[in-house]
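This report refers to the structure that appears directly beneath it.
The values are calculated or read from the model by the stated rules, or taken from the named source; none is laboratory data. As the structure is a prediction and not an experimental result, all values here were calculated from the model. No Cβ is skipped: glycine too gets one built from the backbone with ideal geometry, and neighbour counts run over all protein chains shown.
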Amino acid sequence: MYTLIGSPKSRAFRVLWALEELGLDYDIKNAPPHSEDILAVNPSGKLPALLADGQVITDSVAIIQFLADKHGALTHPAGTLQRAHQDSFTQMLSDELDGTCWVMAKHSFVFPEEMRHKEAVRAGAEWDISRALKSLEARIGDGPWLTGDTFTVADLVLTHCSNWMAMIGLEMPTGKTAEIIERAKARPAYVRSFDIRDAS
Ligand SMILES: N[C@@H](CCC(=O)N[C@@H](CS)C(=O)NCC(=O)O)C(=O)O
């Protein structure tokens, strides 16, 4: 039994989706950032955290990769070249899509009002996203997923980032990248997770 701490409207959604994909038992403590529930386990106050076997794991990508490795799905095995490609996609997406969306989010609703310069950072964010989407599209093979036949953590992170990009009003993926996202959103576990998110 796992406990997911964090609002499903945050990056906790990634963990929720992974738990649903893997068919695991879990409960959710729906907590906002810097609430007592999250500060009790993560000194940064950031979401999400996962309680697993009496230990706390933080950082969404580390959590979902742990679940994938432990339960033997959503990932290529460690030490394989396929896993190297998967991790390469995951890191690239975290740096270039997630990082850029997060800068925009900080200037929209995280920073204190006087530190927000949303329109000033938008041009740089748009440039970064556009460049990242082009290089991502060029790296994708025949599919159906980023690393071939297996739906992995990397596809899950891509899809979640694209939801943020839509919310922030950034350029959206096209071509093979958009097709992967569309396929991912049709997965029953995604649909279930989104219903849970909406109801939260
Ligand atoms: N690398 C972390 C980032 C965590 C993060 O920044 N979470 C946001 C919500 S999606 C948060 O709690 N922000 C509060 C803050 O930055 O103070 C992860 O992927 O889990």
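When you check Ala105 against the structure, is it within 16 Å of the ligand (Cβ to nearest atom), small (Gly, Ala, Ser) and in a helix (DSSP H, G or I), yes or no? Yes; evaluated as a whole, the condition is true for this residue.
A quick yes/no check of all residues on (1) in contact (Cβ under 8 Å) with a residue 24 or more places away in the chain; (2) under 20 Å from Ser60 (Cα atoms); (3) out of contact with any His (no Cβ under 9 Å at 6 or more places or on another chain):
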residue: Lys118; (1), (2), (3): no, no, no
residue: Thr174; (1), (2), (3): yes, no, yes
residue: Ala186; (1), (2), (3): no, no, yes
residue: Ile196; (1), (2), (3): yes, yes, yes
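Looking at Ser130, Ser94, Ser108, just one residue is touching a residue at least 40 places away in the same chain (Cβ under 8 Å) and surrounded by fewer than 13 Cβ atoms within 10 Å (Cβ to Cβ), and that residue is Ser130. Condition first: outside the structural domain of Ala62 (by TED's automatic domain parsing), in contact with a Phe, Trp or Tyr (Cβ under 9 Å, 6 or more places away or on another chain) and over 26 Å from His76 (Cα atoms). Can you find one or more residues in the range 165-185 that meet it? Yes, the range 165-185 has at least one match. Considering the range 8-31, and only residues there that are more than 8 Å from the ligand (Cβ to nearest atom) and in a loop (DSSP other than H, G, I, E, B), the residue that is nearest to Ser193 (Cα to Cα) turns out to be Pro8. All conditions but one from (1) among the hydrophobic types (A, V, I, L, M, F, W, C); (2) away from the ligand (no atom under 15 Å from the Cβ); (3) farther than 20 Å from Thr159 by Cβ; (4) out of contact with any strand residue (DSSP E or B) (no Cβ under 9 Å at 6 or more places or on another chain) apply to Leu39; the one that does not is (2). Taking the range 57-85 as the range and being over 20 Å from His160 (Cα atoms) and of a type in the set (Gly, Ala, Ser) as the test, the residues that pass are Gly72, Ala78, Gly79, Ala84. Within the range 57-87, the residues that satisfy the criterion of being within 16 Å of the ligand (Cβ to nearest atom) and farther than 14 Å from Ala12 by Cα are Phe66, Ala68, Asp87. Looking only at the range 130-147, decide whether some residue is within 15 Å of Arg14 (Cβ to Cβ), assigned to a helix (DSSP H, G or I) and modelled with pLDDT of 95 or more. No, the conditions are met nowhere in the range 130-147. The set of residues in the range 44-56 that are within 8 Å of the ligand (Cβ to nearest atom) and buried (at least 24 other Cβ atoms within 10 Å of the Cβ) comprises Leu47, Pro48.
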